[in-house]
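Q: Handing you this structure, nothing more for now.
The values are calculated or read from the model by the stated rules, or taken from the named source; none is laboratory data. The model shown is predicted, which means the values in this text are computed figures rather than measured ones. Neighbour counts are summed over all protein chains in view; Cβ atoms, including those assigned to glycine, are modelled from backbone coordinates with ideal geometry. Side chains are part of the model used for accessible areas, which takes the heavy atoms of the whole protein and leaves out ligands, DNA and RNA. Shrake-Rupley method; radii C 1.70, N 1.55, O 1.52, S 1.80 Å.
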Amino acid sequence: MGFIHNWLRQDILNLSPYVVQSSENMLKLDAMESPFVIADNLKDQLQKKLKTVDINRYPSNHEQLKKVIFDMMDIPDNLDIMFGNGSDELIQILMMGLNKNDKVIGFNPSFVMYKIIATWLQLKYQNIDLDDNFDIPKVIPNAKIIFIAYPNNPTGNNFTRTKIEQIIAHNPQTLVVLDEAYYAYSNDSFIDDIDKFNNLVVLRTISKVGFAGLRLGIMIGKKATIFEFNKLKMPYNINSLTQVYAELLLTQKRIIKENAITIIKNRQIVFAELSKISKLKVYQSQANFILFIAKNSNDLFDHLLQNNILIKNLNSVIAGALRVTISKGNENQQFLNVVKRFYE
Ligand SMILES: *Cc1c(COP(=O)(O)O)cnc(C)c1O
């Protein structure tokens, strides 16, 4: 045992690092990225803009970028927003002001970072199991903060809206965080509810709509709420390059919207095709991925890998479960062909 093993807290030593699976030369359908790349004319504009960045200086304030995001995401202007280095950073900021042993609630299965960050911060984390329909169960214990991914990852569904409204309304001392990472692919959002409730914030990100590499997350809340959470933010957490890229790329609202519509259409096709395979149980999705339970799921996963297709194996989370990101038509077809052949 070396120095670090005696020095570091035991609960941190017990964690496993977040591993990014290598995907060179693979069809990458594991991480809910958008398959759409930036058009050449936009790339030229970006190049020009990048030349104007004084990289010897700290990033300027985000006023321009804020305007762009308000417009892109149709955020009501009586609200305020703040940025994180990905919404992951905002999840951390939301929990950083808690007392040690304050209770944090998340659901199982849901996004893993809620629990991991709560562990870092020595908070009391409780995972509530979803019911058989992957919906929120009836009784939710009291907590300081509750994280609700809407749509949920990795199941893809939206929880029943009235259940969430009840949680918000009946727990006025609890901060309820609606994590809308997949808002662009969903038929519902809680943005318009922020005005009604003092204990609600919404998280969004540009990662799942084409810009995962920029690392830009958005917290949306009442002005007073955002003012206070800003005190927990690192200075200059959004770098100049991200700022310049985002200011230009996110004004392309129509293209971003059209790409999302394409993915939603393709999701319907993939859902229909997978549903024809009797060895699979396929779940409806409001996101840019589909969860399905497969017979011999580990073998299917390996078979896809051998064919250079990377999806996500969730067998350790839900028995037999796999998750595939929806992509362009030809890429989805490549995936579907390999799955069909596997069961023939
Ligand atoms: C992907 C994802 C995030 C992380 O988004 P980043 O902005 O890339 O950090 C947050 N929440 C959910 C539910 C996600 O699926």
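Q: Below 8 Å between Cα atoms, with a sequence gap of 6+, how large is the relative contact order for the range 140-280 in percent?
A: Details: 151 pairs, mean separation 24.4, N = 141.
Answer for the range 140-280 is 17 percent.
Q: Classify the range 190-271 from the C-alpha gyration tensor, please: rounded if a/c falls under 1.5, else prolate or oblate depending on whether a/b exceeds b/c. Mind dumping the intermediate values first?
A: On the way: a/c = 2.57, a/b = 1.35, b/c = 1.91.
In terms of gyration-tensor shape, oblate.
Q: Given an 8 Å cut-off on Cα distances and at least 6 residues of separation, report the relative contact order of the chain as a percent. Walk me through the intermediate numbers first.
A: Numbers: 567 pairs, mean separation 74.7, N = 344.
The value is 22 percent.
Q: I'd like the accessible area for Lys100: 1.4 Å probe, protein heavy atoms, all chains in place, Å² to the nearest 10.
A: Around 130 Å² of this residue is reachable by solvent.
Q: With a point put 7 Å past each Cα toward its Cβ, work out how far Met1 is from Gln268 in nm, to one decimal.
A: It is 6.0 nm.
Q: Right, here's the next one. Hey, what's the range 156-204 come to in accessible area per residue, 1.4 Å probe, Å²?
A: Per-residue value: 38 Å².
Q: Still on this structure, I have one more. Who wins for biggest fluctuation among Asn288, Asn157, Asn171 in a Gaussian network model of the chain, springs between alpha carbons below 10 Å?
A: It is Asn171.
Q: Another question, if that's okay. Rounded to whole Hz and in sequence order, give me ³J(HN,Hα) for the range 162-176 from the Karplus expression 6.51 cos²θ - 1.76 cosθ + 1.60, θ = phi - 60°, writing x for Gly and Pro.
A: My calculation for the range 162-176 gives 4, 5, 5, 4, 5, 4, 5, 6, 8, 10, x, 8, 9, 7, 9 Hz in order.
Q: Sorted by mean Cβ packing within 10 Å, highest first, what order do the peptides 200-206, 338-344 take? Numbers along the way, then the final one.
A: Working: 200-206: 25.1, 338-344: 14.4.
Per-residue Cβ counts within 10 Å, averaged per peptide and sorted highest first, yield 200-206, 338-344.
Q: Give me the net charge of Asn133's neighbourhood, meaning all other residues with Cβ under 15 Å from the Cβ of Asn133; Lys, Arg count +1, Asp, Glu -1. Intermediate values should be presented prior to the final figure.
A: On the way: positive: Lys138, Arg161, Lys163, Lys281; negative: Asp129, Asp131, Asp132, Asp135.
Every neighbour counted, the sum reads 0.
Q: To the nearest 20 debye, what charge dipole does the chain have about its Cα centre, counting +1 at the Cβ of each Lys and Arg and -1 at the Cβ of each Asp and Glu?
A: 160 debye
Q: So how strong a dipole does the range 284-344 carry about its Cα centre when Lys and Arg Cβ are +1 and Asp and Glu Cβ are -1, to the nearest 20 debye? List each step's numbers first, then the result.
A: Details: 6 positive and 4 negative charges, 25 e Å.
Around 120 debye, computed over the range 284-344.
Q: Across the range 315-325, in residue order, what do the Karplus-derived ³J(HN,Hα) couplings come to in whole Hz, using 6.51 cos²θ - 1.76 cosθ + 1.60 with θ = phi - 60° and x for Gly and Pro?
A: Going residue by residue, I get 4, 6, 9, 10, 3, x, 8, 10, 10, 10, 7 Hz, with x marking Gly and Pro.
Q: Using a 1.4 angstrom probe on the protein heavy atoms only, line up Met73, Met96 by accessible area, largest first.
A: Result of the area sort, largest leading: Met96, Met73.
Q: Also, I was wondering about something else. Using a cut-off of 12 Å between beta-carbons, work out the net charge of the residues near Glu228 (Lys and Arg +1, Asp and Glu -1, Glu228 not included).
A: Neighbourhood net charge equals +3.
Q: Per residue of the chain, what 222 nm ellipticity follows from adding -39500 (n - 2.57) for every DSSP H run with n ≥ 4, rounded to the nearest 500? Walk me through the numbers on the way to the answer.
A: Working: 12 runs with 124 residues, N = 344.
The helix-only estimate for the chain comes to -10500 deg cm²/dmol at 222 nm.
Q: Once you list every other residue whose beta carbon is under 14 Å from the beta carbon of Ser23, what net charge do they have if Lys and Arg are +1 and Asp and Glu are -1?
A: Counting the neighbours of Ser23, the net charge comes to -2.
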